[in-house]
Amino acid sequence: MADSMTFILNGKETVYSGSATARLLDVLRNEYNLTGVKCGCKEGECGACSVILDGRLVNSCMTAMGRVAGSGVVTIEGYRETERFKALDKAYASVSAVQCGFCIPGMVLASECILSKNAHPTEEEIREGISGNLCRCTGYNAIVKAIGIAAKEGDGLW
Amino acid sequence: MVTILANGFVPESLAECLELKAKRSLTPYAGGTDLMIEEDRGGQYLFLHKIPELKRIREDDDNLYFGAACTFTELLESALAPAILKAALSRIAAPAIRNTGTIGGNIGNGSAKADSALIFFVTDSALKLSGSKGERLVPIQDFYLGRKKLDLQPDELISEVRMPKKWLSKYDYQKIGARKSLAISRLSFAGLFAEENGAITHCAVAFGAVSDVIIRRKDLDSLLIGKTIPDAKAAKSAYIKAYEEAIVPIRGRVSAEYRKETCLNLLKDFLNKMGI
Ligand SMILES: Cc1cc2nc3c(=O)[nH]c(=O)nc-3n(C[C@H](O)[C@H](O)[C@H](O)COP(=O)(O)OP(=O)(O)OC[C@H]3O[C@@H](n4cnc5c(N)ncnc54)[C@H](O)[C@@H]3O)c2cc1C
Ligand code: FES
Ligand code: FES
């Protein structure tokens, strides 16, 4: 097909025929109604727009649509359906790691990327893994704890 | 096969890519982490992420070769990337930026703040530039002609970085920034050193983010090469003085004087660490 591309969005093959230079962030929110992807800065500084691209954490505000041609994109909406999400969700709740919630979709996907690379991360590795995800509310300690708990309780999932 | 979009192309081989570049005015898009924050994002992008020739990491007896579209994370995960390069890459921004940003984009952006480019300067790496008429190899020092001015023709791409293996083992890398992750480096320093039977066989230093272009002065480093450690100690103040004259800082967010003084302190620390 001329002037179009396909990519896998939350497990579904998707045809896109819009602008190649449009931000993945805007397209996910406006065209596919995936509003769990948040916009905090559009400068790559806050991580609210994090998605997983071919297994790696990226900022969707820093990604043009042409870059995802032939690739797989997972947003929080897709990730919610997994067992791993359930383990993280439970761990975050157990230490009240969520306040306003704005950073949380990105934070959860960053957590997934930490654990998929290393099922038993040290505290330092967890902090490094979420260092591009800013949170105005929690002071990070509860989030770091939650990821540690998910690693323990969800042992075998990652 | 090339995927064609309204205002972009996604080629799957270097040949397809160069053919497109020769015919049209296209902006190479590697990771997009510099491009996506530009004010004016009109025009058409040429996406480089699906070109296997630009993703290769390999070696021969004398050199390491890094494809221009390798991301920082891919290099950090590679057994072939040397420690000095990993020291710089691991301190770039946060994981999501390292997963996206590439060395070709870091160099192609033309900034003296580029952290991987600093390492390519101090290691005397060369760039392979590929165009419709063939390829050429340019030492990275000659590639930067001035602030944001590069020796790159409209039909050319940076396709590979060639890094000599010799002299990589003993190094120093320092980055002085406001915050550890994020925030582009305000100042950075890299040095290489080698001695054999009491004589200095190699000494190379480079300063990033202080001037329009990364500073690398082989002529000044030759003041120490060949000397014994005691002779080098005697020549130390002349060497530092030479750099004091060579470093001409541009006024940036941090004052010019502070930048210059910090550079000289980093140089002195380096000499101390190397026993001079
Ligand atoms: C939040 C944030 C933090 C950052 N922190 C750092 C940091 O600490 N240190 C640092 O050095 N940088 C930093 N950067 C800048 C940026 O991430 C790097 O410069 C990165 O290497 C750019 O690579 P890219 O592939 O994303 O480039 P792109 O944006 O794709 O391209 C950059 C430029 O190079 C050109 N280009 C790309 N590839 C080629 C090629 N193969 N041949 C010719 N031209 C090419 C493009 O056309 C464009 O002009 C940061 C950026 C952000 C957003
Ligand atoms: S909105 Fe993308 S990093 Fe802030
Ligand atoms: S919970 Fe509010 S920004 Fe993180």
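The values are calculated or read from the model by the stated rules, or taken from the named source; none is laboratory data. What you see is a predicted model; the values in this text were computed from it and never measured. Glycine gets a Cβ as well: all are built from the backbone with ideal geometry, and neighbour counts include every protein chain shown. SASA here: full protein model, heavy atoms, side chains in, ligands and nucleic acids out. Shrake-Rupley method; radii C 1.70, N 1.55, O 1.52, S 1.80 Å.
Of all residue pairs spaced 6 or more apart or on separate chains, those with beta-carbon atoms under 6 Å, a first member in the range A:41-57 that is open to solvent by less than 10 Å² (accessible area, probe 1.4 Å) and assigned to a loop (DSSP other than H, G, I, E, B) and a second member that is among the hydroxyl-bearing types (Ser, Thr, Tyr) and more than 12 Å from ligand 1 (Cβ to nearest atom) are A:Cys49/A:Ser60.
Looking at B:Leu192, B:Leu157, B:Leu150, just one residue is surrounded by 15 or more Cβ atoms within 10 Å (Cβ to Cβ), closer than 30 Å to B:Glu16 by Cα and in contact (Cβ under 8 Å) with a residue 60 or more places away in the chain, and that residue is B:Leu157.
Evaluated against (1) surrounded by 24 or more Cβ atoms within 10 Å (Cβ to Cβ); (2) within 11 Å of chain A (Cβ to nearest Cβ); (3) among the β-branched types (Val, Ile, Thr), B:Thr102 falls short on exactly one condition, (2).
Scanning the range B:195-212 for residues being surrounded by fewer than 23 Cβ atoms within 10 Å (Cβ to Cβ), closer than 24 Å to B:Ser111 by Cβ and modelled with pLDDT of 95 or more gives a total of 1. Restricting the range B:21-49 to residues that are closer than 15 Å to B:Ile158 by Cα and part of a helix (DSSP H, G or I), which is most open to solvent (accessible area, probe 1.4 Å)? Checked the range B:21-49; the qualifying residue most open to solvent (accessible area, probe 1.4 Å) is B:Ala22. Residue count for the range B:111-140 satisfying the condition of being of a type in the set (Gly, Ala, Ser), modelled with pLDDT under 95 and either within 16 Å of ligand 3 (Cβ to nearest atom) or farther than 11 Å from B:Ser188 by Cβ (or both): 2.
Considering (1) open to solvent by less than 50 Å² (accessible area, probe 1.4 Å); (2) away from chain A (no Cβ under 12 Å), the lone condition that B:Asp61 does not fulfil carries the number (1). The residues of the range A:92-138 that are open to solvent by 10 Å² or more (accessible area, probe 1.4 Å), within 13 Å of chain B (Cβ to nearest Cβ), more than 9 Å from ligand 3 (Cβ to nearest atom) and of a type in the set (A, V, I, L, M) amount to a single one, A:Ile114. When A:Thr63 is tested against (1) at the interface with another protein chain (Cβ under 8 Å from one of its Cβ atoms); (2) among the hydroxyl-bearing types (Ser, Thr, Tyr); (3) open to solvent by less than 50 Å² (accessible area, probe 1.4 Å); (4) away from ligand 2 (no atom under 13 Å from the Cβ), just one condition goes unmet, and that condition is (4).
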